[in-house]
Amino acid sequence: MTAVIDPNAAPAVVPLPLLDLRSDTVTRPTAAMRRAMAAAEVGDDVLDGDPTTRRLEAVVAERLGKERALFFPSGSMANQAAIWVQSTPGTEILLDADAHIIHWEIAATAALCGVQVRPIRGATSVFRAPDLVAGIRAPSIHAVEPSMVCLENTHNGAGGAVTPLGALRELAEVARGLQLPVHLDGARLWNAAVASGTSLADFATCADTVMVSFSKGLGAPVGACLAGSEDVITRAHRARKRFGGGMRQSGILAAGALYGLEHHVDRLAEDHVAATYLAQLVDGIGGATVIRPDTNIVMIDLPRPCADDVVARAAAHGVRLSKWHNSRVRAVAHLDAPIGLIAEHGPKVAQALAEALA
Ligand SMILES: Cc1ncc(COP(=O)(O)O)c(C=O)c1O
């Protein structure tokens, strides 16, 4: 039987949860951000450049202290473009075992760039220079050669952990000692800068290329930038084209990113406070444990594999969490989940844990 679609029917209304803590990507552009987007001056960015996109790229390059930045539709594409231009097919790239690039970019490193990943497990949390040194293979005709090192700051899988500048510099020194280019996945580098007081540019000196995202803590709907030297970004521009990432009147999106940069960076400190508050609220309930968050991500480790149950019970109370794996759920503070809402509805997360772990 063919379904009959009534064109006059009211659109299905999906009820919003009271609090959506699944990710900082769920934010919706604010009214002011939408106005800035609607008013953006635009051109054809693929043909001869979009003025607002150019402005965004110049601002990002300046803040990161790099020669040039390039706007991408997503952080994943920018990460892969960085790897595509700086690694060599048939080699391996070294990165933290819990890196986003390993777990959430569906093997693009293999499928697009022709490299294998060498996951390095940190002795404590995110990998550090001694872990990297220990992970480098002795050169041999039988061993795959390394061609690149990728870092991530803040580190999503490690619960938004900040790698401090000193540790990042040591990692970069090891890589540079081996003549390996360094890419920094800085999807949440804004959070790292706000939490640590280190400037974006200081963090960026530790890497040849840096990806920063606008669609997470900054609240923009779409986009990321890749920054680096003129030469590397010129090549990344070709990669973006090859990956199908050329965008025409991209200024509408770039204006959202610019708005986020101007208005939503300093307020990230509030998200960090909210995350700490939530962590304290749920730590220990039913045997769950939480590492004190450095930034806006709260990883809740469960004493047994019941993440689906916790997520379902929290949703029934109106709070959405995400399952990280069977024994871990994630809650993220963001622009649309501010401290007030977390104070009001956070106890429902505690309730869901208590019920699931009773
Ligand atoms: C650390 C990190 N890197 C990269 C990305 C990918 O960004 P996008 O979703 O824009 O592709 C994410 C997304 O959540 C992330 O958390």
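Any read-out appearing in this document is the output of simple, stated calculations on the displayed coordinates, not a laboratory observation. Predicted, not measured: the structure shown is a model, and the values here were computed from it. Every residue, glycine among them, receives a Cβ derived from its backbone with ideal geometry; neighbour counts consider all protein chains shown.
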Q. Which lysines have a Cα lying under 30 Å from the Cα of LYS66, excluding residues fewer than 8 positions away in the same chain?
A. LYS216, LYS241
Q.
What whole-number distance in Å separates the alpha-carbon centres of segment 105-148 and segment 211-255?
A. 26
Q: Excluding residues on the same chain fewer than 8 positions from LYS323, give the aspartates and glutamates whose Cα lies under 12 Å from its Cα.
A: ASP301, ASP308, ASP309
Q | Whole-number percent relative contact order across segment 161-275, with pairs defined as alpha carbons under 8 Å at least 6 apart | A | 25
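Any chance you could run the full-extension gain for ALA111 through ALA38? It's 0.36 nm times the residue separation minus the Cα-Cα distance, nm to one decimal.
Numbers: separation 73, 0.36 × 73 = 26.28 nm, distance 3.71 nm.
Separation in residues times 0.36 nm, less the Cα-Cα distance, equals 22.6 nm.
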Q. Once Rh for segment 31-263 is found with the Kirkwood sum over Cα pairs, what is the Stokes-Einstein diffusion coefficient at 37 °C and 0.692 mPa s, in µm²/s?
A. 185
**Q.** Part-to-part distance (alpha-carbon centres) for segment 187-205 and segment 286-318, which is given in Å
**A.** 27
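Work out the length of the dipole vector of segment 267-356 about its Cα centre, built from +1 on the beta-carbon of each Lys and Arg and -1 on the beta-carbon of each Asp and Glu, and round it to the nearest 20 debye.
Details: 9 positive and 10 negative charges, 35 e Å.
Taking the Cα centre of segment 267-356 as origin, the dipole is about 160 debye.
At a 10 Å Cβ-Cβ cut-off, how would you order SER250, SER215, fewest neighbours first?
Placing the least packed residue first, the sequence is SER215, SER250.
Which length gain, in nm to one decimal place, applies between ALA123 and ARG304 when the Cα-Cα distance is subtracted from 0.36 nm times their residue separation? Walk me through the intermediate numbers first.
Values: separation 181, 0.36 × 181 = 65.16 nm, distance 2.36 nm.
So the chain would gain 62.8 nm between ALA123 and ARG304.
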Q. Which peptide among 18-27, 58-67 comes first, and what is the full order, when sorted by highest mean count of other Cβ atoms within 10 Å?
A. 18-27, 58-67
Q) Using a basic spin-label model with each label point 7 Å from the Cα along Cα→Cβ, how many nm lie between VAL144 and ARG169? A) 3.3
